[in-house]
Every structure is written in C-alpha cells, then in structure tokens.
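The values are calculated or read from the model by the stated rules, or taken from the named source; none is laboratory data. The structure presented is a predicted model; accordingly, all values stated were derived computationally and were not measured. Note: ideal-geometry Cβ built from the backbone for every residue, glycine included; neighbour counts use all protein chains shown.
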Amino acid sequence: MSGDHGFPNRATPPGSGNYYCVRFAPARLRTDLALVLAWQWELQEILCRCSDRGVALAKLQWYREELAQALDGKAQHPLLQALASPIQTHRLPVQPFLDMAGGLKTEILGPAHRDETALHAYCRQSGGAPLDLLARICGADEKELGSARELGAFIRLTGIIRSLGQDLRLGCCHLPLPEMEQRGLTPTGLAEPQSGEALRALLATLSATARGWRESALTALPPGKHPALVPALALAAMSSALLDELEKAGFPVLNQRLSLTPLRKLWIAWRINRRNH
C-alpha cells in the first residue's frame, strides 16, 4: 500500500469493486482516483462511527472546512492535504466534493424521501458526485460527465436496496414515502414479518427504477468507446450484476448483505476495460 491514502487504500482494498475500477485505469491516474474514493470513504465512516446526530454533523462540518482549507494549501487532515494535488492537476470543481458531503448530511438527518423525484436527486447527488470526479480525472467530456452522474445514481439506488437492513439499524430509511404508504409500509415497520411481501414488491419496483436510470445513462452516450468512463462503467456493471443476484434471491436485504466475489468483479472490470480501449 502506498502510504495511507495512495492506491490501494482503505477505500480501494484488493478484491473490492473500487479496487478493480481503479486498477484498470492508467497507472499515472490511480492514486488520484483512489484519493477521491478515500474522501467518499471518510465521509461514510462518520455515519458508521458517530451514533449521535449532533456529533456526526459537527464532524461533517469539520471535513467541509478542511476541504476549503485544502484549496488554499492549509488543510490539517492528511487526506485533504493529499487531495490538493489532484484537485489542482485536474482542475476539479469543489461542488462534487460538497455534493458528497451534502448527501451524507441527508443520511445523518435520517431521510425518508418524499417521492421518487427526491430519491433521484439524492442518488444523483451522493452517488453521482464521486463518479463525476472519477470521470473528470480520466478526461471525460460534458456528455460523459452527465452519464457518469446518472450511473452514479443507479449505483447508489442499488446500494440502498442492498443495504436496507444495515441502514435501518442505523436509523436511516431511504425508501420513498409515497411508495411505502401505498403498500401499507412504514419506516419503523419494515422489518416486521407481515411486511415481507409488500416490501419485496417495493424493492422490485425500485430495482426497475434503478435499471431505468442506468439505461438512460448508457443511451445518452454517443456510440463508440469511452475510456474516460471505464471506472464508472465498471462500477455500474458490478452494481447491475449485484442487482441481478438480489432479484434472484428475492431481496433478502433485511438480514443479509449479498456481494459479488472478487473474481467476478475482476472479470467485469476487465471486460469493461477491454470494450472501451
């Protein structure tokens, strides 16, 4: 491992989807890509480590301030100090970093999205922002950046479905309220046995919604190869394969957390890379 934040790092451990999406990028870009994913990882750790909402929000605000300091070369956190280089080298805008922080704030506050439009906005913010940055580092154009954001939304919604049980235990429910209400579901009653069939039906609907977002992102791309989108396309393909497995298993997400094997992730990333070079 190259230092604490180089590649691979805590956000890109060998065998993970993040590892393989970075591994097939040009060697000169791998550390920069890994640093962006490390920022995402650090933010998510706030949610895992801070059970008190006030403490979590204070920690998040500190990271936001450190990001501002990093742009002036005054950050104290080693990750933010390291991030200053790729931000300058690739002229990365600060907004996607802030979008990730904003998405985490939504999670800390315990969201239950009012409708599918709000859910999409959240997924595009929290899931699309890191893929936007990965694509920028790899040299994506504006059309590719739009698709990267939408692929990130697809990946985030897949993650919401997969991690439902874990999120509920953290006091967080991302499922849209109108769809829950239509099926007689409530955030506090999702784990009840009598909610099983209705919950599976809702998750199947959200799965179809996620696939629609992915198809929209891919359709918007001009024909041809897109080497700048290899990390985003690889992660999206892994999420698509994971969604297949969740659907086949009947969405056993309350007490299980299904994963792809490292070998399968490697195969998916290799295939995406081969198709786009």
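Among all residue pairs at least 6 apart or on different chains, which show Cβ distances below 6 Å where the first residue, located in segment 121-134, is more than 13 Å from L235 (Cα to Cα) and in contact (Cβ under 8 Å) with a residue 12 or more places away in the chain and the second is hydrophobic (A, V, I, L, M, F, W, C) and part of a helix (DSSP H, G or I)?
Close Cβ pairs (under 6 Å, with a partner that is hydrophobic (A, V, I, L, M, F, W, C) and part of a helix (DSSP H, G or I)) amount to C123/A153; C123/L157; R124/A153; A129/M100; L133/V36.
Step by step: first the residues of segment 198-252, then only those that are among the basic types (K, R) and in a helix (DSSP H, G or I), then the one that is farthest from S147 (Cα to Cα). Which residue is that?
Applying the filter and picking the extreme gives R200.
Name the residue, out of L37, L43, that is of a type outside the set (F, W, Y), within 26 Å of W213 (Cβ to Cβ) and touching a Ser or Thr at 6+ places or on another chain (Cβ under 8 Å).
L37
Would you point out which residue out of A249, A208, A220, A204 is aliphatic (A, V, I, L, M), more than 22 Å from the chain's Cα centre (by Cα) and farther than 26 Å from A11 by Cβ?
A249
Return the residue satisfying two criteria in turn: it lies in segment 16-37 and is part of a helix (DSSP H, G or I) and aromatic (F, W, Y), and of such residues it is surrounded by the fewest Cβ atoms within 10 Å (Cβ to Cβ).
Here the residue is Y19.
Filter segment 36-69 down to the residues that are of a type in the set (G, A, S) and over 13 Å from L98 (Cα atoms), then identify the one that is modelled with the lowest pLDDT.
S51
Considering only segment 56-130, give the helices (runs of 4 or more DSSP H) lying wholly within it that have at least 3 residues that are within 19 Å of the chain's Cα centre (by Cα) and surrounded by fewer than 21 Cβ atoms within 10 Å (Cβ to Cβ).
The qualifying helices (runs of 4 or more DSSP H) are 95-108, 116-126.
Which number in (1) touching a helix residue (DSSP H, G or I) at 6+ places or on another chain (Cβ under 6 Å); (2) outside any loop (DSSP other than H, G, I, E, B); (3) more than 22 Å from A153 (Cα to Cα); (4) not hydroxyl-bearing (S, T, Y) marks the one condition that E179 misses?
(3)
I need every pair where a residue in segment 209-221 that is in contact (Cβ under 8 Å) with a residue 40 or more places away in the chain has its Cβ under 6 Å from the Cβ of a residue that is buried (at least 16 other Cβ atoms within 10 Å of the Cβ) and β-branched (V, I, T), sequence separation at least 6 or different chains.
Listed pairs, sorted by first residue: A210/T158.
Quick check, is E107 under 23 Å from S239 (Cβ atoms) and touching a Leu at 6+ places or on another chain (Cβ under 7 Å)?
So E107 fits the description; yes.
Note down all Cβ pairs under 6 Å where the first residue falls in segment 90-110 and is over 11 Å from L60 (Cβ atoms), the second is of a type in the set (D, E) and crowded, with 21+ Cβ neighbours inside 10 Å, and they're at least six residues apart or on different chains.
Once the first residue is over 11 Å from L60 (Cβ atoms) and sits in segment 90-110, its partners that are of a type in the set (D, E) and crowded, with 21+ Cβ neighbours inside 10 Å give P96/D132.
Taking D4 as meeting all but one of (1) surrounded by fewer than 16 Cβ atoms within 10 Å (Cβ to Cβ); (2) within 23 Å of D167 (Cα to Cα), write down the number of the exception.
With respect to (1) surrounded by fewer than 16 Cβ atoms within 10 Å (Cβ to Cβ); (2) within 23 Å of D167 (Cα to Cα), D4 is out only on (2).
For residues that are assigned to a helix (DSSP H, G or I) and among the β-branched types (V, I, T), scanning just segment 253-277, find the one that is nearest to L175 (Cα to Cα).
Restricting to residues being assigned to a helix (DSSP H, G or I) and among the β-branched types (V, I, T), the top hit is I268.
Just name the residue that is surrounded by the most Cβ atoms within 10 Å (Cβ to Cβ) out of those in segment 182-197 that are in a helix (DSSP H, G or I) and either modelled with pLDDT under 85 or of a type outside the set (G, A, S) (or both).
Out of the qualifying residues, it is P187.
Just name the residue that is nearest to P231 (Cα to Cα) out of those in segment 38-55 that are in a helix (DSSP H, G or I) and among the charged types (D, E, K, R).
The residue in question is E42.
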